[in-house]
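As structure tokens, the structure follows; a few thoughts come after it.
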Amino acid sequence: MTKKVYIAYTGGTIGMQRVNGRYQPIPNFLQQLMADNLAFHHPELPQFTIHQYDPLLDSPNMTPGDWSRIATDICDHYDAYDGFIVLHGTDTMAYTASALAFMLDGLGKPVICTGSQIPLCEIRNDAQDNLIAALLLAANYAIPEVCLLFHSHLFRGCRVVKVDADGFDAFESPNCPLLATLGIDVEVDWSLVKRPSLPISPINLQTIREPGEVGALRLYPGMSARILENVLQPPLRGLVLETYGAGNAPTNNPDFLRVLAEAIEHGVVIVDCTQCLRGTVDLTKYATGSALADIGVLSGYDMTPEAALTKLAYLLSVESNLDVVKVKMQQSLRGELTRP
Ligand code: ASP
């Protein structure tokens, strides 16, 4: 039986055209290019359906409402297809891939986010390779996870960060090995791939509420307690605090800790993620870290800030009990963090 893949085409460089010297998403342009390109008619490719979003987005314009729309779209077509591709701009693809991983609880089929650095319309591009690889993986590999495919690498979606604004090798998952490498052969690391629970449960869609009531703040030397206090005002309910090294923050300024402690008392969930690309938060290592743990800041362990932000938005949307939110924030739900 020919496999069937559903493509949710949300926008991004992959289908853009240069208009007045600038790239813009143009409706139906990608579909026309694919129809005219023999590579997309190869018999080894699965059958595919492209669902074009309206409007097509340059991904800095994505909001939590768009994440929920993509997740709902996948669930609406879940039974009819073998796998799913989300065509998306690279700028915020790490956020969308993470958000989808949390919202698609019980996922039993591959969902592969991809895009490109150069549009399909250009003679030298990475769009064709990424799209063809995503089609083959989505149709033929039992990887029941939200993944991100780029430059012959398949990553766990909730582990990814965009690390290069220009190069083809634009993504990394610094704290998680690759799920698969596409060289002469496709090599999947099956020891890492999530196994579906048995009996296979139906997919359980739980969307993220809009407007987002979560935020992220990157510490910098000399940040005043006033600035922190302003950020922690309602409607904020969750904050990813991007700290230094092993999760450390300034402790010489008592107002800084007081402002954080007061926000936590008022029900704001604060999660500590490191600004470092690799490694983990360990709030037992330094006094500048344990002071945060003592007032109730949660360790984000080795989660990316993208995963922590979307996980916080997800948990605050679906859980009314803050204690449960805090416990789950520090557990791995979709392989987004490593804990001993
Ligand atoms: N600005 C584009 C986007 O994120 C960049 C890309 O797709 O590579 O939609």
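No value in this document is a laboratory result; all are computed from the given coordinates. Fair warning: this is a prediction, and the values are worked out from it, not measured in the lab. Cβ coordinates were reconstructed from backbone atoms using ideal geometry, including for glycine residues, and neighbour counts include every protein chain displayed.
Quick notes on this one:
- Between helix 254-265 and the chain there is an angle of about 70 degrees, using the helix long axis and the longest principal axis of the Cα atoms.
- From most to least packed by mean Cβ count within 10 Å, the peptides 218-224, 52-58 give 52-58, 218-224.
- Note: relative contact order over the chain, using C-alpha pairs below 8 Å and six or more positions apart, is 15 percent.
- Site pair ARG339 and GLU319 shows an inter-label distance of 1.0 nm when each label is modelled 7 Å from Cα along Cα→Cβ.
- C-alpha long axis of helix 305-318 to longest principal axis of the chain, angle in °: 80 degrees
- Length-normalised contact order for the stretch 193-340 - Cα pairs under 8 Å, 6+ apart - percent: 24 percent
- Protection-proxy order for peptides 208-217, 17-26, each taking the mean of Cβ atoms within 10 Å per residue, highest first: 208-217, 17-26
- Based on the convex hull around the alpha carbon atoms, the stretch 273-314 presents an average projected area of 3.0 nm².
- If the chain linking HIS266 and ASP36 were pulled fully straight, counting 0.36 nm for each residue of separation and taking away their Cα-Cα distance, it would gain 77.0 nm.
- Among TYR286, TYR6, the order by Cβ neighbours within 10 angstrom, fewest to most, reads TYR286, TYR6.
- Computed over the chain, the alpha-carbon pair-distance distribution with 20 angstrom bins reads 31, 54, 14, 0, each value a whole percent.
- In the chain, the calculated helix contribution to ellipticity at 222 nm averages -8000 deg cm²/dmol per residue, counting -39,500 (n - 2.57) for every DSSP H run with n ≥ 4.
- Convex hull of alpha carbon positions in the stretch 136-223: directionally averaged projected area 9.6 nm².
- Put in order of Cβ neighbour count within 10 Å, fewest first, the listed residues ASP164, ASP126 become ASP164, ASP126.
- Prolate/oblate/rounded call for the stretch 21-171, Cα gyration tensor, a/c under 1.5 rounded: rounded
- Over the stretch 159-270, Cα pairs under 8 Å with separation of 6+ residues give a relative contact order of 18 percent.
- Relative packing of peptides 38-51, 150-163 - highest average C-beta neighbours within 10 Å first: 150-163, 38-51
- Over all distinct Cα-Cα pairs of the stretch 208-265, the Kirkwood formula returns a hydrodynamic radius of 12.2 Å.
- Comparing mean-square fluctuations of ALA97, ALA291, ALA80 from a GNM of the chain with C-alpha springs under 10 Å, the top value falls on ALA80.
- Taking each of LYS194/LYS326; LYS285/LYS326; LYS109/LYS311; LYS162/LYS194; LYS194/LYS285; LYS3/LYS328 in turn, the alpha-carbon distance tops 26 angstrom for LYS194/LYS285; LYS3/LYS328.
- Helix 64-76 axis, angle to the chain major axis (alpha carbon atoms, nearest 10°): 50 degrees
- Alpha carbon convex hull of the stretch 229-340, volume per residue in cubic angstrom: 99 Å³
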